[in-house]
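Asker: One structure coming up, written as structure tokens, with questions to follow.
Any read-out appearing in this document is the output of simple, stated calculations on the displayed coordinates, not a laboratory observation. Keep in mind it's a predicted model, so treat the numbers as computed, not measured. Using ideal geometry, Cβ is built from the backbone for each residue, glycine included, and neighbour counts are taken over all protein chains shown.
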Amino acid sequence: MILEQLLLALTPYLIFVCLIGVTLGILWGAMPALSTTMAMALLIGLSTGMGQDTAIMFMLGVFTGSVFGGTITAVLINIPGTPDAVPTMIEGYPLARRGEGGLALGTAIGASFMGNWIGILLLIAFIPVVLALALQFRSWEMFLLATWGIAICGTMSAGKRPLKGWISGWIGLMVSFVGLESIHATPRYTFGLNILEDGISYIPVLIGLFGLSEILRVLPRKNYVGIPEAVGRVVPPVKTLWRHARTALRSGLIGTIIGAIPGAGANVASFLSYDIGRRRASPEERAKWGTGSYEAIVCSEAASNANIGGSMLPTLTLGIPGSAAAAAFLAALELKNVIVGPTMQIEHPGLIYYIYWSLIIANFLMYGMAIVLVKPCVKLFSLPLALLMPLILLICVLGSYAVSLSYFDVYVMLAAGLVGYILRRFGFPLAPLVLGAILGPVADENFRRALLVFEGKPFSSVFIDHPIGTLLLVVVLYTFYDGIFRRR
Amino acid sequence: MSTDRNSDAFIEQAKARLASGFVGEEDIEAASTPQKDLISACVIGALCIGAMVLAWKMPDPGRSVFTHPGLLPFVVSLTMLAMAIGLGARALREGGAKNLLGVFARPADPEEREYRWRSWLLIVFVIALVVAIDVVTFRIRIPVGDFVLRLSSFECVAIPMVTVIMKIYWGRSWWRCFAVATAAALLLASAFRYGFKIPMPGVY
């Protein structure tokens, strides 16, 4: 089955689609203010017209390409294309000023490639373990897992203000309650409107939150366009990479683990890995940090790219997205009627192998295209955001409409965009809201089913009969405790 | 060079962010002030109470409170109310009650003032674009040999609206904005309509 899926993934048409996805991703990521999540959210609409295999290949190509893309602007014009490229910017731009921009980018490309490999290999190694564990989960465990997913996402997204992250996640839960509930088909929060009875799809919410709200935030700004430094020759220096192989391995591990935690994406991974790397660097290497260190670039890039594989782990095995971009990938899968979660291997045999191969192919293509595209990308930087954003606005409209050919979804996207804009202005993170909207139905259905199972049983049986549930309950309570008392 | 002037400050800002300790996935520190937090807490708290009342009033066709449709919405609203109270309490401790309405006051910085009115204008344009595509409904079919060229209200609304948005925010000549808006709208519509076989919104 593994070979069958490899042969399928190696179809010239699918490789071509992946190449387009990677190219689009790199170009998108390279444009300042256009994030990976935004790319993924907007392209869900486009993927509706594709077949299942094509859509998966395309979305994973975009995901892989856009995470790297942010590095180009970070190094060359001191503006991180994506937020996770900030540490790379701190180190890469001083190198570019010294005329070593090409070498810095080459190191970043190599580190990204290695980081991706670490993420993919760990994903392949751990999926069977997590799947086996996930099959033991019943309603109570699924409810607790969904709650933990939203809570940890809130904690990881909001930094020192976890309360705001949790509120955002809880708003997402409330959004998911709109419509006919699953047991009695009783309308909830529909206010007598028939159109709300089907509920609110989280895909237009995702497009509104990460597409429209970003347009509203960025377009009114009179943006400054940087002047790229001379790039120089872009060749990934094998010797430099070999010297930092241990660093890359450690950073890749950090990136994968962080990626597996819901809500913690490439941003947390790259910052954390950079910080740990600085502490563990030799004194002479540490002296270079902040003024142009290749080791620091390896730390940041390997971690942010390994994050892709890590974020796929909870997404595919539990149906809990590891990051906002993974949530968009989950949405694209759902549109293709792919139900991810513990039973994925049974319901869609072989699909998981296809996803592995797609990630591997996307990684190889990213490596090649990154080298090819760096110089053409420089020209792109002169394109003002005021030119691009109105066009992205049209993609938001068409993308949200294409999901179910309902114009109501466009209004949902509009409302989500406006709410997202206000929430951002008031300092609320948006990723937990999306996660809440995705996991709300899972939490609701399993919570009430679990209560019915527990009905008439002694209270202690909740803990004794469900050891995994008890463990999860402790984890959930600890997450809240940690957020309230330790992150002040 | 402008790049050099900005770069050091930008890098220092990024370093300060790194040095500040745990960095969340989304950088919300800069947008968070005690005043904003207090206002958010009040609004969210009020919404939570409304949601709790609605959840309580939901009809219960089942035999058990455990299957009550409003059970989880009630619990979620209640816990969110507790979070809003926590947020409000922290904001009050940090002095959020002082100059509370300053959040809505006219900013002293002229750049920020300009950003604010440009934001409002953009919001109006976006709402107008979305509503107009829905309200205006028609379709034109132009046979060109064997091929039928189709135009819907999407293109007819999107082209002028995007032209105006570009004129205001990009600031180039009307003709250039019109050309880019037309090319983009037609290209996107064609990709969806012919490439992905997705019908356009705004047709009857």
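Asker: I want to verify the translational diffusion coefficient of the stretch A:108-204 in µm²/s; compute it with Stokes-Einstein, Rh as the Kirkwood radius over Cα pairs, at 20 °C and 1.002 mPa s. Can you show the working numbers first?
Answerer: Values: Rh = 16.9 Å.
So the translational diffusion coefficient is about 127 µm²/s.
Asker: If you don't mind, there's one more thing I want to ask. Could you line up A:Ile207, B:Ile159 from fewest to most neighbouring Cβ atoms inside 10 Å? Working shown, then result.
Answerer: Details: A:Ile207 33, B:Ile159 18.
Ranked by crowding around the Cβ, least crowded first: B:Ile159, A:Ile207.
Asker: Still on this structure: Filter the cross-link list A:Lys239/A:Lys288; A:Lys164/B:Lys98; A:Lys239/A:Lys375; B:Lys36/B:Lys167; A:Lys164/A:Lys336 down to pairs whose alpha-carbon distance in this structure exceeds 29 Å.
Answerer: Details: A:Lys239/A:Lys288 19 Å; A:Lys164/B:Lys98 21 Å; A:Lys239/A:Lys375 23 Å; B:Lys36/B:Lys167 33 Å; A:Lys164/A:Lys336 33 Å.
Table pairs above 29 Å Cα-Cα are B:Lys36/B:Lys167; A:Lys164/A:Lys336.
Asker: So if we plug the beta-carbon distance of B:Arg93 and B:Ala46 into 1/(1 + (r/R0)^6) with R0 = 25 Å, what FRET efficiency do we get, rounded to 0.05?
Answerer: On the way: r = 21 Å, r/R0 = 0.84.
Calculated value: 0.75.
Asker: What are the semi-axes of the equivalent ellipsoid for the stretch A:2-486, taken as the square roots of 5 times the Cα gyration tensor eigenvalues, largest first, in whole Å?
Answerer: Details: eigenvalues 258, 127, 97 Å².
Gyration-tensor ellipsoid for the stretch A:2-486: 36, 25, 22 Å.
Asker: Under DSSP H, which helices of chain B have Cα atoms covering 18 Å or more of the helix axis and a Kyte-Doolittle average no less than 1.0?
Answerer: Working: long enough: B:2-19 (26 Å, -0.80); B:34-57 (34 Å, 1.19); B:71-93 (33 Å, 1.59); B:110-135 (37 Å, 0.74); B:153-169 (24 Å, 1.48); B:174-190 (23 Å, 1.41).
TM-like helix candidates: B:34-57, B:71-93, B:153-169, B:174-190.
Asker: Of A:Glu141, A:Glu285, how do they rank once you tally other Cβ atoms within 10 Å and put the fewest first?
Answerer: On the way: A:Glu141 22, A:Glu285 17.
Going from least to most buried by this count: A:Glu285, A:Glu141.
Asker: For the pair A:Lys160/B:Glu29, report the inter-label distance in nm, with labels modelled 7 Å from Cα in the Cβ direction.
Answerer: Distance between label points: 0.6 nm.
Asker: So, one more: Which of the three applies to chain B, rounded, prolate or oblate, going by the alpha-carbon gyration tensor with a ≥ b ≥ c and a/c under 1.5 meaning rounded?
Answerer: Details: a/c = 2.49, a/b = 1.28, b/c = 1.95.
Since a/c reaches 1.5 but b/c is at least a/b, the shape of chain B is classed as oblate.
Asker: Quick one: order A:Leu385, B:Leu54 by neighbouring beta-carbon count within 10 Å, fewest to most. Let's see the in-between values first.
Answerer: Numbers: A:Leu385 20, B:Leu54 16.
In increasing order of surrounding Cβ atoms, one gets B:Leu54, A:Leu385.
Asker: With the cut-off at 1.5 for a/c, could you classify the stretch B:127-171 from its C-alpha gyration tensor as rounded, prolate or oblate? If you can, show how the numbers build up before the last one.
Answerer: On the way: a/c = 5.57, a/b = 1.81, b/c = 3.08.
Oblate is the answer for the stretch B:127-171, as a/c is 1.5 or above yet b/c matches or exceeds a/b.
Asker: Using r as the Cβ-Cβ distance of A:Val129 and A:Arg243, and R0 as 30 Å, what FRET efficiency do you calculate, to the nearest 0.05? Please list the in-between numbers first.
Answerer: Working: r = 33 Å, r/R0 = 1.10.
With a Förster radius of 30 Å, E is 0.35.
Asker: Would the stretch A:413-488 count as rounded, prolate or oblate if I go by the C-alpha gyration tensor, calling it rounded below 1.5 in a/c and otherwise prolate when a/b exceeds b/c, oblate otherwise?
Answerer: Details: a/c = 4.16, a/b = 1.74, b/c = 2.39.
The shape class here is oblate.
Asker: While we're on this one: Could you calculate the FRET efficiency of B:Leu186 with A:Lys457 from 1/(1 + (r/R0)^6), where r is the beta carbon distance between them and R0 is 51 Å, rounded to 0.05?
Answerer: Values: r = 64 Å, r/R0 = 1.26.
Efficiency, rounded to the nearest 0.05: 0.20.
Asker: Could you give the length gained by full extension between A:Ile346 and A:Arg221, i.e. 0.36 nm per residue of separation minus their alpha carbon distance, to one decimal place? Intermediate values should be presented prior to the final figure.
Answerer: Details: separation 125, 0.36 × 125 = 45.00 nm, distance 4.99 nm.
Here the segment from A:Ile346 to A:Arg221 would lengthen by 40.0 nm.
Asker: If eta is 1.567 mPa s and T is 4 °C, what Stokes-Einstein diffusion coefficient results for the stretch B:110-192, Kirkwood Rh from Cα pairs, in µm²/s? Please report the intermediate quantities before stating the final value.
Answerer: Values: Rh = 14.2 Å.
Rounded to a whole number, D works out at 91 µm²/s.
Asker: Another question about this same structure. Could you tell me, in Å, what Rg and Dmax come out for the Cα atoms of the stretch A:154-194?
Answerer: Cα-based Rg and Dmax for the stretch A:154-194 come out at 14.2, 41 Å.
Asker: Let me ask something else. Say each of A:Ala185 and A:Asn337 gets a label point 7 Å from the Cα, pointing the same way as Cα to Cβ; how far apart are those two points in nm?
Answerer: 2.2
Asker: Turning to a different aspect of this structure: In debye, nearest 20: dipole of the stretch A:2-486 around its Cα centre with unit charges on the Cβ of K, R (+) and D, E (-)?
Answerer: Dipole of the stretch A:2-486, to the nearest 20 debye: 1520 debye.
Asker: What's the extension gain from B:Val65 to B:Ile140 if we count 0.36 nm per residue and subtract their Cα-Cα distance? Provide the component values of the computation, followed by the final result.
Answerer: On the way: separation 75, 0.36 × 75 = 27.00 nm, distance 5.61 nm.
Gain on stretching B:Val65 to B:Ile140: 21.4 nm.
Asker: Also: Pairing the Cα long axis of helix A:385-404 with the longest principal axis of chain A, what angle in degrees results, from 0 to 90 and rounded to the nearest 10?
Answerer: Tilt relative to chain A: about 30 degrees.
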